[in-house]
Amino acid sequence: MSDLAPALNKNGQVLGAKGRRSRERIVAETVALLAEGPVTDLNMALIVRRAGITPAAYYLYFDDVGEAVLAALEAPTQEFIDLGALAARPWPPGQVYDCALTFVNAYFAVWKRHMAVLRARNVLADAADRRFEAIRAKASTTIVAALTEKLAARPPGGHDAETSPRMMTNILLTAIERSAIVMALDLHGRSVEAEETSRALARLLELALETAKPSTAPLN
């Protein structure tokens, strides 16, 4: 169980070693089931059967299936928060591309490690479940703050006044996340394509962080 998980069960009892193992087994089987089918097919009966526990034991730790999925999201959410520190490091001139590539590859790696539960998170967030909307937003908070600060610090030019740094960050992160999902699926073992995708996204970040210059090209 991660440090973010509660130390008490639903009866207010402190979790001992056995209780922690039971809770961890429920979370592990939830993740395993999400890897086998959509979150819409997930239910408590399936989790209980796979975990080898009783429904009563399940309800000692979680009120519903959503809570088990939220528990499974603790680790990847913290990994994304930690990525904010990577994005916040100085990206010196001449090294922006390399720094951006390191960030993109790290972002892809989180998605690859936690593909099933992150896809479930997005499905439930898109269905307006506020718990999953909140945890999705929490995962991106530090990254958005770091990249927005970088974009805001660049010298102004061109059409910068027409687009806020935060909007630029949101657009770039949307592209990175969507690409991460496609690459994590890896339907045909497309490692070369994944590398090219990472490089393209790093180049987009590099271009976004460079000083924009007014266009001198004719409109027609």
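The values are calculated or read from the model by the stated rules, or taken from the named source; none is laboratory data. Here the structure is a predicted model, which is why all the values come from computation and not from measurement. Note that each Cβ is placed from the backbone with ideal geometry, even for glycine, and that neighbours are counted across all protein chains shown. These accessible areas exclude ligands, DNA and RNA; they are computed on the full protein's heavy atoms, side chains included. Shrake-Rupley method; radii C 1.70, N 1.55, O 1.52, S 1.80 Å.
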- Return yes when PRO76 is modelled with pLDDT under 95 and either in a helix (DSSP H, G or I) or surrounded by fewer than 15 Cβ atoms within 10 Å (Cβ to Cβ) (or both) and no when it is not. no
- Test: PHE62 is under 19 Å from the mean Cα position of the chain (by Cα) and either buried (at least 20 other Cβ atoms within 10 Å of the Cβ) or of a type in the set (A, V, I, L, M) (or both): no
- What is the residue count in segment 79-98 for residues that are among the acidic types (Asp, Glu) and open to solvent by 60 Å² or more (accessible area, probe 1.4 Å)? 2
- Task: Please work out which one of (1) more than 20 Å from the chain's Cα centre (by Cα); (2) at pLDDT 95 or above; (3) of a type outside the set (Val, Ile, Thr); (4) within 27 Å of LEU73 (Cα to Cα) is the condition GLY189 fails and give its number.
- Result: (2)
- Message: Could you check segment 154-170 and list, in sequence order, the residues that are modelled with pLDDT of 70 or more and of a type in the set (D, E, K, R)?
- Response: ARG154, ARG166
- Message: Among the listed residues LEU118, LEU124, LEU151, LEU101, identify the single one that is crowded, with 17+ Cβ neighbours inside 10 Å and at pLDDT below 95.
- Response: LEU151
- Task: Kindly indicate the residue of segment 127-148 that is among the aliphatic types (A, V, I, L, M) and surrounded by 14 or more Cβ atoms within 10 Å (Cβ to Cβ) and also nearest to PHE80 (Cα to Cα) among those meeting that condition.
- Result: ALA139
- Message: So, in segment 34-52, how many residues would count as being open to solvent by less than 30 Å² (accessible area, probe 1.4 Å) and either closer than 13 Å to GLY19 by Cα or not in a loop (DSSP other than H, G, I, E, B) (or both)?
- Response: 5
- Item | Inter-residue pairs, beta-carbon under 8 Å, first polar (S, T, N, Q) and in segment 90-111, second assigned to a helix (DSSP H, G or I) and open to solvent by 20 Å² or more (accessible area, probe 1.4 Å), 6+ apart | THR102/LEU86
